[in-house]
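The block underneath contains the structure these notes are about, expressed in structure tokens.
Computed from the coordinates by the stated procedures, all read-outs in this text should not be read as laboratory data. All values reported here derive from a predicted model rather than from experimental measurement. When we count neighbours, we look across all protein chains shown, and the Cβ atoms used for this are built from the backbone with ideal geometry, even at glycine.
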Amino acid sequence: MIAWVESEADSLVRKCLDGHRSFAMIAGAGSGKTSSLVDALGRVRDHEGINLRRHGQRIACITFTNRAVEVIKARLGFDDLYLVSTLHGFLWGQISHFHEDIRQALRESRIPTLIEKAKANDNGGKSKKAQMARAKIDRLTEQLAAIESVERFEYADTSFSDYGKGQIGHDDVIEIATYLFAENATFRRITGLRFPYIFVDEAQDTFEGIVAGLNLVCSGAGLPMIGYFGDPWQQIYDRNVGDFAPPAGGEIVKKAENFRCSRSVIRLLNSYRRDVEQYAAGENSACEGSVEFLLVKAEEPTEPRNRYSEEQIERALARMDAAVESWGWAGCSDVIKLFLTRQMIARRLGFADLNRLFTGEYASSRAQDDFEKGEHFLLKPFLTTICPLINAQDQGNDRKIINLLRSNSPAFAVDGSNAEQSLKLMIEMSNALVGKLRDLWDTETIGAILRFCVDNQIIRPSERLLEHLNRAPRAEAFDEHLHGHDKGDWLADSLFQMTPQPVSRYADYLINNTAYSTQHGVKGEEYEKVIVVYDDVEAAWSQYSFSKTLTPQTSGDPKARQRSVTQKLAYVSFSRAREDLRVLLFTADPEGARAELVSSELLVPSQIRILT
């Protein structure tokens, strides 16, 4: 945990709090942002707590993950003066009291918007995409009419909705709240009366419409007021706001301390990013650390879609191993290796075939993105329920098995078919069922396992998953021109024929049981030694280009959007290192890249080597 130290930035925040003035703290990596947030929350309690409790008011603290919620609650002593919540939890807590307003938001904005998006996918033809678009339009039109008779709307933390039944999904909460903040002055006023102080952690990851809405709640002098804590350079998700600012008249506060990184790493961060000049402010101020870039000549990819062959991947991994050996880090337990995408990680960890499937010709960009995040509907039952059950069975953990089933399985839910059974009988039934599942795990395909889990109500399958499980496999050979809109059928059929072991390795990777990670996956983490691998071919995404962003004169200028997202992801990667950072950069021109890295003053010559 980073020790909190009073700073000039914290002093400015205190003045804003005392003057009831909104603010935004821009806090670079390792700056002790959470400690500054907790200190601000504590100051409001010390000065205003009695008065707030007397009037039944609370202090809101919105953060990005459930893990962060628990950390902040604990540091505040679990005081019920505070409502510490994820964004979705906070927003639903506000809008859930306004069923007529939810109905209006659905009628006037949310459902019409979804209908228009579906219409854009209907070209009037007979493709599956067009047919599904028309079916979605019909379904949404029916639900639009049906919401008039819904008495209460309920929210479940899923991506699925059924508005006609009053069921609200994950994305709906954001859009409904955005609409109500913008259009409903009464809603804004009630929110401000409940929460005279609103604090937003990881503000760069909040949605643009929500930032605008909260600023409307807190516009004007005095209470309610809002305080944002975050860093635009650590915004790595496309839909989120990135840049953020308080309402007009608010204060922008920049925090320059870095309590995490060594002096060498901080010098790199300051050379890379010019808007905040950080300095080592804690125990790390005595640590020089080290930064080194190793430049490797990139091979021309030989496979279609500008991809490496298996042999090229092996050679790239061999170069990485040679680099690790040359740094003396082979076998070190405190080293994390960061890749942009999973191609090389998957090769090492044993889910290469699964990775190839979800980045290959059958995978849309949406499918690839969902795979990267661990949210693809075909795999989600394994990640949330099946793999944890297999692990619990292997550990002989009966309690974990029954808890998983009660949380995730319709047959064992509190209102399920076995709800009235005794705990002893439930455990016996669950062990027998999971024992059968374990036997299938070693002998059957993914498709057979999913069908067993659906038939026995072990999982809650999505409509899309059921559609693929119930249809006949596609018999014709895939043709991109003929079947481009329907490629998901071939993706599902191929997955169903695979064995499940690669999925368990993929699941282990996602929950950080390995020494490898993607650069997206380490946001908020820190490690003694960090290896970052930049290879634009390995990435296989036009969205990023590290060679162009780091060495534009050598590799060509990136597009503006490409530069922005690449800069931020590189900053997140660099700033994970507490002591030593190593960057392995594959580039078409190592000599030119070396000269440019020096001339740009990002590095000095002694920090760059070329692997021959």
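State, as an integer percentage, the relative contact order of the chain based on alpha-carbon contacts under 8 Å between residues 6 or more apart.
Numbers: 965 pairs, mean separation 103.4, N = 612.
After rounding, I find 17 percent.
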Total formal charge among the other residues, if their Cβ is under 9 angstrom from that of SER36, Lys/Arg +1 and Asp/Glu -1
0
Between the range 328-405 and the range 199-226, what is the C-alpha centre distance in whole Å?
36 Å
Under 9 Å, Cβ to Cβ, from ARG474 - net charge with Lys/Arg +1 and Asp/Glu -1:
-3
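Have a look at the DSSP beta bridges in the chain and tell me what percent are antiparallel, nearest 5.
5 percent
How much length is gained on full extension from ALA130 to GLU108, taking 0.36 nm per residue of separation minus their Cα-Cα distance?
Difference between extended and current length: 5.4 nm.
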Just going by the charge dipole of the range 525-612, with Lys and Arg at +1 and Asp and Glu at -1 on Cβ, which of GLY592, VAL533, THR551 is farthest out on the positive end?
THR551
Difference of contour (0.36 nm per residue) and Cα-Cα distance, GLU310 to LEU469
54.1 nm
Student exercise: in the range 1-134, how many lysine pairs 8 or more apart or on different chains have Cα atoms under 22 Å apart?
7
Compute the Cα gyration tensor for the range 119-276, then decide on rounded, prolate or oblate, letting a ≥ b ≥ c be the square roots of its eigenvalues: rounded whenever a/c is under 1.5, prolate when a/b is larger than b/c in the other cases, and oblate in all that remain.
oblate
In nm, give the distance between the simple-model label positions of SER364 and LEU223, each being 7 Å from the Cα along the Cα-to-Cβ direction.
4.9 nm
Can you report the principal axis dimensions of the range 268-360 using only the alpha carbons, biggest first, rounded to whole angstrom?
48, 34, 26
Using label points projected 7 Å from each Cα along Cα→Cβ, tell me how many nm separate GLN501 and THR612, to one decimal.
4.3 nm
Let me know the Kirkwood hydrodynamic radius for the range 110-197, please, with Cα pairs as the basis and the value in Å to one decimal.
14.8 Å
Relative frequency of Cα-Cα separations exceeding 16 Å in the range 81-124, percent:
57 percent
By the gyration tensor of its Cα atoms, with a ≥ b ≥ c the square roots of the eigenvalues, what is the shape of the range 345-410: rounded for a/c under 1.5, prolate for a/b over b/c, or oblate?
oblate
Using a Förster distance of 41 angstrom, determine the FRET efficiency expected from the C-beta separation of HIS170 and GLU251, and round it to 0.05.
0.80
Which of [x] 1.04; [y] 1.30; [z] 0.94 is the computed Cα Rg over 2.2 N^0.38 Å for the structure on display?
[x]
Hydrodynamic radius by Kirkwood, which averages 1/r over all alpha carbon pairs of the range 1-91, in angstrom
13.9 Å
Per the C-alpha gyration tensor (a ≥ b ≥ c, the square roots of its eigenvalues), the range 193-314 is rounded if a/c is under 1.5, else prolate if a/b beats b/c, else oblate; here it's oblate
Between ASP557 and ALA595, what is the label-point separation in nm under the 7 Å Cα-to-beta-carbon projection?
2.1 nm
Modelled FRET efficiency - R0 41 Å, ALA74 with ASP275, Cβ distances, 0.05 increments:
0.80
Fully extended contour minus Cα-Cα distance, from LYS436 to ARG43, at 0.36 nm per residue:
135.9 nm
